Structure formats: C-alpha cells, structure tokens
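The values are calculated or read from the model by the stated rules, or taken from the named source; none is laboratory data. Given the structure is predicted, the values throughout are model-derived calculations rather than measurements. For neighbour counting, all protein chains shown are included, and Cβ atoms are generated from backbone atoms with ideal geometry for every residue, glycine included. We work out accessible area using only protein heavy atoms, side chains counted, and drop any ligands, DNA or RNA first. Shrake-Rupley method; radii C 1.70, N 1.55, O 1.52, S 1.80 Å.
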Amino acid sequence: MSHVHLRAALLLAVPAFVGCAEAPPPVTPAPPLTLRSPFTGFASAKYRDPKWWLCLPGRRDACAADLDATELRPDGTRVEVRDTPAPGADQVDCFYVYPTVDLRFSSGNHDDFDDLGPMTFTTVAQAARFRYACRLYVPLYRQTTFGTYLRGDAARRPYRDVAVSDVVDAFLHYMGQYNQGRKVVLIGHSQGGEMVVALLKRFFDHDPVMRERLLLAMPIGWPMDVAPGQTKGGTFENLPACSHAGETGCIVGYRSYAAGETAKVGTAVPAPGRESLCVNPAELAHGRASFSRTFFHKPPAPLSLVGMDGMGTPFVMARDLYTGQCVDAGNGLRYMTVAVTPGDRRTSPVNLSLPFLHGVLGYHLFDMQFPQGDLVDLVAERAGALGGATPQPSGSAQTATP
C-alpha cells in the first residue's frame, strides 16, 4: 500500500484508537525576535546543514522530480504533457511545509529522518509543480504523529510546540540566509497548513514590513475563520482572505468535501460569531468554478488510478474535469464542494465513491490535487506582475500519445 493510500485508510480509524502517549522531546527554543525583518544574517544551528532541507533551489532533490503527465482529454484521447524548464521562476520564493506523514497511532514527534520516502512522495505530489512559478524551500521538521491528532488539544500542545519550533527555526534561517529580498509564498497542507498559520501569526499578521514581503499564503486544509461577511477579523487581524484577481498579501484556504452531501466536519467549525474562510483557487485565478488542471500522482504497484493502466508518466492530468464551489452550511460553516463537472463524460482517475472520502475529512487527501494548476497559476500570475520573464504555467508543453 502506498504512503498516500495508507494515510487515507487510517482516517477511517480516527475515533477508534488513540494509542499510547510518549513524553514529548525537548523543544528547541525559537530564536528571540530581536532582529528586524527580514532577519538579515540569522543562521540556524540546525538548518544551516543542507541535510535538514528536503528541497533547496539548484539541487537534484524531491522538487526536481519528473512531473510529466498523461492528460485525459474530453474526447477520450490522451496526450503526454512534458515537464519543461520554467523561465522566470526566480523572482519569488515558495516555503512549503508538508502534511502529516508519520502515521504512528502513538502520540509523539517524528524524529527518524533516515527514510525520506513519505516526505518525498507527498512533496512531489503537492509542491514540486510550484517550481514553474517560484524557488522552492522545503524543510524537514519534527512533525506530530497521526495519533497525536486523535488526542485533545491540551494533550497535543507540547508535541505541536516541538513541530512549530522546527518550522520557525527553518523559516528564520531561510529569511536570514536565502531570501535576499524576494517576495515569499507560504504553502502548507493539513498539519503543514497549521504550521503556516503559526508562521503567519508570528511574523506577518502584526508586522507591516513582512506583510509587504508576503505575496500569497496557502494554508490549505487547515480551518481558519473570518468575521461574518468580511475578509479578516478572525484567525488573522490584518491578513485578509484573497477576494479579487491580482491581490497580494492575502490568504487562500479551503477544506474540500463531496458536492451534494452534508459534510461531516467534526471539530473544524468556526468560532462563535465567525465564519469559515473559503477561497476557490479556480475562481480567484480564472474567474470560473472549474479547476483548470488537476494532477494526481501515480501510486506504486499494485495500486493504480482508475482507467490508467499502462500510463507511462508519473502523473495524470485533466483540464476542467472537476468543479469547486464554496458553500454556506449554516452557523458560519463554509467549505468547498467538489464534483465532476456536469456533462463531462470522462472517468475520474480517482474513485470518488471510496468510503474514506465521505468521512469526517472528506476530500482532504486531495485538497491540493484538484485545483493544483490554479494554485500554481495564482503564484505565477503574481510573480509575472513583478516584472521580468513570466513564469511558464505547468502543463503547457504537449506531445501526442500514439
């Protein structure tokens, strides 16, 4: 079973097993905030070592992986979309934090970095395609285990603090050693989204210098809220949810569920008197509900994508196959519903009827896959507006499949 499918299967067991607690490891204190933004000259004792970075620009690492895709066209034909170099992607930095990959049911922090396979697979699937629009920085960190999330917030807090301390340390090192004045995009999914929210609160929300440096933030799949009918006034006081084309310094976020169902959101409800933050990347990027380009990573054998046996590329891609819509579910709850675009006769490469996709987390596993092309376009458009060469959107070079 692949790592990504194992993650999904474990979601079925959330209420059933909480595992045994382990004492949290010592927290590495975050450096004191005595340096003015952008922390010029700061160097982390840990993250100055390149081994603590899964991705750094210029390396042959996870973010330089093969991104060739087999496109499913509406007429039933297939086209291979070749991975091509992206000119002009050096004006903006993307700092990405991967989601939960430590699937142990016991509470604790991930501290074994001998096997980077789970982090690599997830980073290739979710983040590598952003290299068409920005320089990618991906730190390794002592994230909390899957089982830690099954316990209450109070029990989870010391383990969360360990994870946050690593991400803060990595970000400060990035700002002090790597940023060199470039605009920043923060990207994270699930636990990675939680880490991005922590960075935004600590370094950006109350610092106008850093807010000016922020091009976009994408804490995908982590619940955030705003004041009713407003773009801020909830999770963040000064950072707004993105609301119009070309806007910078704003937040893109959503949680995705099947259309036509009442979402089982569990504890992911907004605080009283607030409403959930929900931004459809396709509407923001292209003014339409359908996702311009969806990418799914091919799982290892014996698993496969639906109808894609013999596919010769690591990804399958479909344009406008799925449609998203932010909906109001009452009591301030908002989320993005996803469905196959009405009238489209293509078969979904992912079986959307699988039971775990209709539980408390819905389509959470594919939050970033459905609108991935639109997410990349949001960064590329804003990077292009800074001047110089316009970054090339992923999925533009095509070669017909015999």
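Taking the inverse of the mean reciprocal distance over all distinct Cα pairs, the Kirkwood hydrodynamic radius of the stretch 68-223 comes to 16.9 Å. In the context of the full set of protein chains, the stretch 59-168 has a per residue accessible area of 34 Å² (1.4 Å probe). Extending 7 Å from Cα along the Cβ direction at F105 and again at T84 yields two label points whose distance is 5.0 nm. Annotation for R73 and S353: the two label points, set 7 Å from Cα along the Cα-Cβ direction, are 2.9 nm apart.
Between L277, L216, L333, the Gaussian network model of the chain with springs among Cα atoms under 10 angstrom shows the greatest mean-square fluctuation at L333. The calculated FRET efficiency for V27 paired with S304, based on their beta-carbon distance and R0 = 41 Å, is about 0.45. Relative to the compact-globule estimate of 2.2 N^0.38 Å, the Cα radius of gyration of the stretch 254-351 comes out at 1.26.
For a Förster distance of 30 Å, can you work out the FRET efficiency between the beta-carbons of T40 and L116, rounded to the nearest 0.05? E between T40 and L116, to the nearest 0.05, is 0.45. When the Cα positions of P223, V184, V167 are compared along the charge dipole of the stretch 160-228, V184 comes out farthest toward the positive end, with charges on each C-beta of Lys, Arg, Asp and Glu. Of the solvent-accessible surface of the stretch 166-279, computed with a 1.4 Å probe and all protein chains present, 47% belongs to carbon and sulfur. In this structure V124 has an accessible area near 10 Å², from a 1.4 Å probe over the protein heavy atoms. What the stretch 228-313 shows is 44 Å² of accessible area per residue, with the surface traced by a 1.4 Å probe over protein heavy atoms. Computed about the Cα centre, the dipole magnitude for the stretch 206-324 is approximately 180 debye when only Lys and Arg (+1) and Asp and Glu (-1) carry charge, each at its Cβ. With the simple spin-label model, which puts each label point 7 Å out from Cα in the Cβ direction, the A154 to A339 separation comes to 4.3 nm.
The orientation-averaged shadow of the Cα convex hull for the stretch 152-252, equal to a quarter of the hull surface, comes to 6.9 nm². When peptides 229-236, 188-195 are sorted by average Cβ neighbour count within 10 Å, with the highest value leading, the order is 188-195, 229-236.
Of the beta bridges DSSP finds with both residues in the chain, what % are antiparallel, to the nearest 5? Close to 50 percent. Let's see if you can work this out: charge +1 on each Lys and Arg Cβ, -1 on each Asp and Glu Cβ, no other charges. What is the dipole magnitude of the chain about its Cα centre, in debye to the nearest 20? Dipole size: approximately 260 debye.
Express the relative contact order of the chain as a whole percentage, based on alpha carbon pairs under 8 Å and six or more residues apart in sequence.
21 percent
Let me check against my output: what whole-number percent is the relative contact order of the stretch 157-263, with C-alpha pairs under 8 Å and at least 6 apart?
Contact order relative to length: 23 percent.
Counting only protein chain heavy atoms and rolling a 1.4 Å probe, the accessible areas of T120, T70 rank, largest first, as T120, T70. Within the listed set V168, V279, V27, the residue fluctuating most in the Gaussian network model of the chain (springs between alpha-carbon atoms under 10 angstrom) is V27. For the chain, the residue among T100, Q325, G234 whose Cα projects farthest onto the positive side of the dipole built from Cβ charges is G234. Taking 0.36 nm per residue of separation and subtracting the current Cα-Cα distance, fully stretching the chain between N331 and R202 would add 43.6 nm.
Annotation: Cα Rg of the chain relative to the compact-globule expectation 2.2 N^0.38 Å equals 0.93.
In a fully extended conformation the segment linking R59 and Q180 would gain 41.7 nm over its present Cα-Cα distance, using 0.36 nm per residue.
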